[in-house]
Amino acid sequence: MKVAVIGAGIHGSSTAWQIAKRSHAVTIFEQFPLGHDRGSSHGDSRIVRRAYPDAFYTEIMQEGYPLWHELEVISKRKLLYECGLFYFGDSQAENVKSVIVGLEQLEINHDVLDYQTVRKVFPELVLKKHEVGAFTPEAGWVHASLAIRTLVELAQSHGAVVRQQRVDDLESLKKSFDRIVLCQGAWANQFLHLPVLVTLQTFGYLSGEQDGPVWIEDSKHNLYGFPSEPWGSGIKIGVHYKDTPFDPDAQSRNPSQGAVELIEDFAWRRLGFNQPRVTREKSCLYTNTAGEDFLLGRLDEKVFFVSACSGHGFKFGPWIGKTMADFVDEEKKPEDFPRFVLGA
């Protein structure tokens, strides 16, 4: 079949590769230059993990996580940095308890650590006596921009073509393609009417270097962070700071000062920094449903769509790509995933 994939972020590039390697003729439409920083998939690092507060997603990652290893083997590139993940918070918090229960039920290797034993994996982190966390060694971070470039190149090796072009007329495109897959991220509602909110998020880098795992703090803003990247100094920390809607076509992408203050506060209270200061900050877009579930669906006979909501969608990229390819080949259908179907 002739298949158009609209969007070349992590989900579009993964989908294009999976479809192209099944011998379909794929054209990728991307409105910006490849590697752009206007969406949700840019930058050097994105967390990948098995552990979730929701055991439903933990179970999906039983299939999805090994696909990152498969991508490394096929591409012969270092993409995944497996340093482990530490998810922590109040021992009585529902999310923390759910993470631990899910790991136990699925028999995933993990350790539950308290304010003393956390030093074994993350000596710089300060926990309070009533806090615990789950450490999972099969987790870490992916070199995000390299992963997307790799996926696009793999798709091209199977004959895929990339067009830097914004698609404004879906009906015209249907005349030229047998199937169309919409992977538009923050631009999902260009052709759809999905109950999603687009927001501008901020991450920043503190001066210094740090080893250890990636981490997520179970809190109002769910701060998250990384060890220093091997090609440069600095400690990356981000904030899930969902406040006001954002127009993805807006030219201004000024990082949130409130988020920068939250990052600096975390470094002071959790990492022991004296007068921490964010030396550089960057923004990206989140696209979320109210419950942060993904949306998979079919618009009509030819058109499928995915809104793999930001904040936790990147790590599912290879799984989403494989799933969308299965839809195109009619090996699966959106209704097989009722939690991800509107109105199901």
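The values are calculated or read from the model by the stated rules, or taken from the named source; none is laboratory data. For clarity, every value in this text was computed on a predicted model and none was experimentally measured. Please note: Cβ atoms are built from the backbone with ideal geometry, for glycine as well, and neighbour counts cover all protein chains shown. Surface accessibility is based on the protein's heavy atoms, side chains included, excluding ligands, DNA and RNA. Shrake-Rupley method; radii C 1.70, N 1.55, O 1.52, S 1.80 Å.
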Item to check | Sparse-neighbourhood loop sites, trypsin sites (Lys or Arg not before Pro) in the range 181-270 - DSSP loop, at most 13 other Cβ within 10 angstrom | outcome: LYS220
Next on the checklist: What does the charge count around PRO230 come to, taking other residues whose C-beta lies under 12 Å from its C-beta (Lys +1, Arg +1, Asp -1, Glu -1)?
Outcome noted: -3
Next on the checklist: Just to be sure I follow: if Rg is taken over the C-alpha atoms of the range 194-334 and Rh is the Kirkwood radius over the same atoms, what is Rg/Rh?
Outcome noted: 1.05
Checklist outcome for this item: Lys and Arg at +1, Asp and Glu at -1: neighbours of ASN95 with Cβ under 11 Å from its Cβ sum to -4
Next on the checklist: For the pair ASP90/SER157, report the inter-label distance in nm, with labels modelled 7 Å from Cα in the Cβ direction.
Outcome noted: 5.0 nm
Item to check | Structure-based [θ]222 nm, the chain - -39500 (n - 2.57) summed over DSSP H runs of at least 4, per residue, nearest 500 | outcome: -8500 deg cm²/dmol
Next on the checklist: With every protein chain left in place and a probe of 1.4 Å, what is the accessible surface of GLU281, to the nearest 10 Å²?
Outcome noted: 90 Å²
Item to check | Share of carbon and sulfur in the accessible heavy-atom surface of the chain [1.4 Å probe, %] | outcome: 48 percent
Checklist entry - Relative to the longest principal Cα axis of the chain, at what angle does helix 144-157 sit, 0 to 90 degrees, rounded to 10? => result 30 degrees
Checklist entry - Using the Cα atoms of the range 103-198 to build a convex hull, what is its mean projected area in square nanometres? => result 11.7 nm²
Item to check | More than 25 Å apart - percent of Cα-Cα pairs taken over the range 19-166 | outcome: 43 percent
Next on the checklist: Taking amide H atoms as placed 1.01 Å from N in the peptide plane, list the residues 5 or more away in sequence, or in a different chain, whose amide H sits under 5 Å from that of PHE294.
Outcome noted: CYS309
Checklist outcome for this item: In nm², the average projected area of the convex hull spanned by the Cα atoms of the chain is 16.7 nm²
Next on the checklist: Explain nothing, just the number: relative contact order of the chain, from Cα pairs under 8 Å at least 6 residues apart, as a whole percent.
Outcome noted: 24 percent
Checklist entry - So how far, in whole Å, is the C-alpha centre of the range 269-289 from the one of the range 171-211? => result 22 Å
Item to check | Between the range 111-161 and the range 317-344, the alpha-carbon center distance in angstrom | outcome: 25 Å
Next on the checklist: Using the basic label-point model (7 angstrom from Cα toward the beta carbon), what is the LEU34 to ALA250 distance in nanometres?
Outcome noted: 3.1 nm
Checklist entry - Seen from all sides and averaged, what is the projected area of the convex hull of the Cα atoms in the range 179-238, in nm²? => result 7.0 nm²
Checklist entry - Placing +1 at every Lys and Arg Cβ and -1 at every Asp and Glu Cβ, with all other atoms neutral, what dipole size does the chain have around its Cα centre, in debye to the nearest 20? => result 720 debye
Checklist entry - If you roll a 1.4 Å probe over the heavy atoms of the protein chains, what accessible area per residue do you get for the chain, in Å²? => result 43 Å²
Checklist entry - If you take the square roots of the eigenvalues of the alpha-carbon gyration tensor of the range 140-241 and sort them as a ≥ b ≥ c, do you get rounded (a/c under 1.5), prolate (a/b over b/c) or oblate? => result oblate
Checklist outcome for this item: Between LYS78 and ASP168, the FRET efficiency computed from the C-beta separation at R0 = 35 Å comes out, to the nearest 0.05, as 0.35
Next on the checklist: Can you give the local net charge around ARG277? Use residues other than it whose beta-carbon is closer than 13 angstrom to its beta-carbon, Lys and Arg +1, Asp and Glu -1.
Outcome noted: -3
Item to check | Percentage relative contact order, the range 18-129, counting C-alpha pairs under 8 Å, at least six apart | outcome: 21 percent
Checklist entry - Just in the range 188-282: which chymotrypsin sites (Phe, Trp or Tyr not before Pro) are loop by DSSP and have at most 16 other Cβ atoms within 10 Å? => result TRP231
